[in-house]
Amino acid sequence: MVDDHPIVLSGIGAMIDGQKDMTIVGLAANAAEALETIGKAEPDVAVIDISLPGINGVMLIERLLERFPDLKCIALTAHEDPGCLRQVLAAGGRGFVVKRSTTTDLLQAIRCVLAGDNYVDPALAARMLSPRNCAQGDAGNLSERERSVIQLVALGYSNKEISSRLNLSIKTIETYKTRATDKLELHSRAAIVRFAHSVGWLAELQ
């Protein structure tokens, strides 16, 4: 856990440490401490405040992933604009949680990225998926359904969640996802996120 506010750091750290399936292995108040502590403790996940003094959280995520490519980073921030989300995803972050969210949201984000998925705060994800924003970007010859599925995958939704959101069977979702990734030659979730970012699907709303 990385945060420059002692109360937040100790409070959230204690909350995470209280889970049966989680253990806090280190706390840091800035980027230098984070790099040193993570190098020693080798955690699976780092929860990082974006507004750190000196080297900010986005830059820290980039540096951490250069040194520890298997580390999964979750941004925890008071900023709720899509531009901040875009920066975190472009840096390689796997999760984005706003500080006004519930503790349940943060715990869900941690478990989600541990399972290999991305996690985006639900309220912000809904804004990113507005009809206006979904129309952005060149997605080649994807059908409307294929594009919708890939956008949702990029925003961290599971096949089950996409199925519920689009009112389609999980098998149908898997078919659309396979068709879209084959057309775009995207072979990992990280590649899907990078593509979505590059074509503007995760760009800041005007």
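The values are calculated or read from the model by the stated rules, or taken from the named source; none is laboratory data. These figures come from a predicted structure and were not determined experimentally. Here Cβ is always computed from backbone atoms with ideal geometry, including for glycine, and neighbour counts include all displayed protein chains. To get the accessible areas, we keep the full protein, side chains included, count just its heavy atoms, and leave off ligands, DNA and RNA. Shrake-Rupley method; radii C 1.70, N 1.55, O 1.52, S 1.80 Å.
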Q) When region 28-67 is examined, which residues are found to be among the β-branched types (Val, Ile, Thr) and in contact with a Lys or Arg (Cβ under 9 Å, 6 or more places away or on another chain)? A) Ile38, Val45, Ile55
Q: Within region 5-42, track down each residue that is in contact with a helix residue (DSSP H, G or I) (Cβ under 6 Å, 6 or more places away or on another chain), touching a residue at least 60 places away in the same chain (Cβ under 8 Å) and either open to solvent by 50 Å² or more (accessible area, probe 1.4 Å) or not in a loop (DSSP other than H, G, I, E, B) (or both).
A: Met15
Q | Selection status of Ala109, aliphatic (A, V, I, L, M), in contact with a helix residue (DSSP H, G or I) (Cβ under 6 Å, 6 or more places away or on another chain) and either buried (at least 19 other Cβ atoms within 10 Å of the Cβ) or assigned to a helix (DSSP H, G or I) (or both) | A | no
Q: Give the residues of region 43-57 that are buried (at least 21 other Cβ atoms within 10 Å of the Cβ) and assigned to a strand (DSSP E or B), sorted by residue number.
A: Ala46, Val47, Ile48, Asp49
Q. How many of the residues in region 63-94 are under 23 Å from Thr37 (Cβ atoms) and crowded, with 20+ Cβ neighbours inside 10 Å?
A. 10
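Residue-wise test of (1) outside any loop (DSSP other than H, G, I, E, B); (2) open to solvent by less than 60 Å² (accessible area, probe 1.4 Å); (3) touching a Lys or Arg at 6+ places or on another chain (Cβ under 8 Å).
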residue: Arg145; (1), (2), (3): yes, no, no
residue: Ser148; (1), (2), (3): yes, yes, no
residue: Val153; (1), (2), (3): yes, yes, yes
residue: Ser163; (1), (2), (3): yes, yes, no
residue: Lys171; (1), (2), (3): yes, no, no
residue: Thr181; (1), (2), (3): yes, yes, no
residue: Leu186; (1), (2), (3): no, yes, no
residue: Ala191; (1), (2), (3): yes, yes, no
